[in-house]
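Structure, as structure tokens:
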Amino acid sequence: MTRKMERIASFCVNHDRLTEGLYVSRIDKDVITYDVRMKRPNAGDYLNTGEAHTIEHLFATYVRNSRFRDDVVYCGPMGCRTGFYLLLRDTVGKKEAIALVREAMAFIACFDGPIPGATRPECGNYLDHDLESARRTASKMAAILEDWTEEKLDYEM
């Protein structure tokens, strides 16, 4: 038996029109979901699994140690491997969210050392990391977000 379900909001976004950047994906009560889009959808260039895994460890570690640590609900990869979702309480202003993501990307771009949480007891796939690719992608994102404004947070349809 097939159950009729409504199309969810994220599937209503025309992914062929999205470019790299930072967008407000949705607002649910006091939680804002940010779309940290690192790769153009459907363009054939996606985050490799080691790269996404490394960005996940570093991005989550950075935001959960930031001045907004108590306002971070979630930070994790998109299944399509084109970016990440960052869920923040609405107590974090949009300008502050842009700054936080910009700072996190700069942190990842310059990161040198052991990847946090990347040991066997801490991680379910601790051998699958790619720091060099993570650095390159984060460096590119930091440059994209350098002049990002609140007005750019809206998806262009």
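Every number here is computed from the coordinates shown, using simple stated rules; none is lab data. None of the values given here were measured: they were computed from a predicted structure. Neighbour counts run over all protein chains shown; Cβ positions are idealised from the backbone, glycine included.
Here region 108-156 is treated as a Stokes sphere of Kirkwood radius computed over C-alpha pairs; at 25 °C and 0.890 mPa s its diffusion coefficient rounds to 188 µm²/s.
Based on the Cβ-Cβ distance from A143 to C80, what FRET efficiency comes out when R0 is 30 Å, to the nearest 0.05? In this case the efficiency is close to 0.85.
Helix-derived [θ] at 222 nm for the chain: sum -39500 (n - 2.57) over DSSP H runs of at least 4, divide by residue count, nearest 500? All intermediate terms of the calculation are to be shown ahead of the outcome.
Values: 3 runs with 47 residues, N = 157.
Rounded to the nearest 500, it is -10000 deg cm²/dmol.
The smallest convex shape that holds all Cα atoms of region 19-146, its convex hull, gives 106 Å³ per residue. Given K4/K39; K4/K94; K39/K152, which pairs have Cα atoms separated by over 25 Å? From K4/K39; K4/K94; K39/K152, over 25 Å: K4/K39; K4/K94.
Suppose R0 equals 35 Å. What FRET efficiency, 1/(1 + (r/R0)^6) with r the Cβ-Cβ distance, do T49 and T91 give to the nearest 0.05? Display every interim value, and only then the final one.
Numbers: r = 33 Å, r/R0 = 0.96.
Here the calculated transfer efficiency is 0.55.
Which aspartates and glutamates, if any, have their Cα less than 18 Å from the Cα of K140, not counting same-chain residues under 8 positions apart? Within reach: E20, D35, D45, E51, E56, E103, D112, D130, E132. Stretched out fully, how many nm does the piece from D30 to D154 gain, at 0.36 nm a residue minus the Cα gap? Value of the extension gain: 42.8 nm. Rounded to the nearest 20 debye, the dipole size of the chain about its Cα centre is 380 debye, using +1 on the Cβ of Lys and Arg and -1 on the Cβ of Asp and Glu. Taking E56, E146, E20 in turn, the Gaussian network model of the chain (Cα-Cα springs below 10 Å) assigns the largest fluctuation to E146.
Computed over the chain, relative contact order equals 29 percent, with contacts defined as Cα pairs under 8 Å that lie 6+ residues apart.
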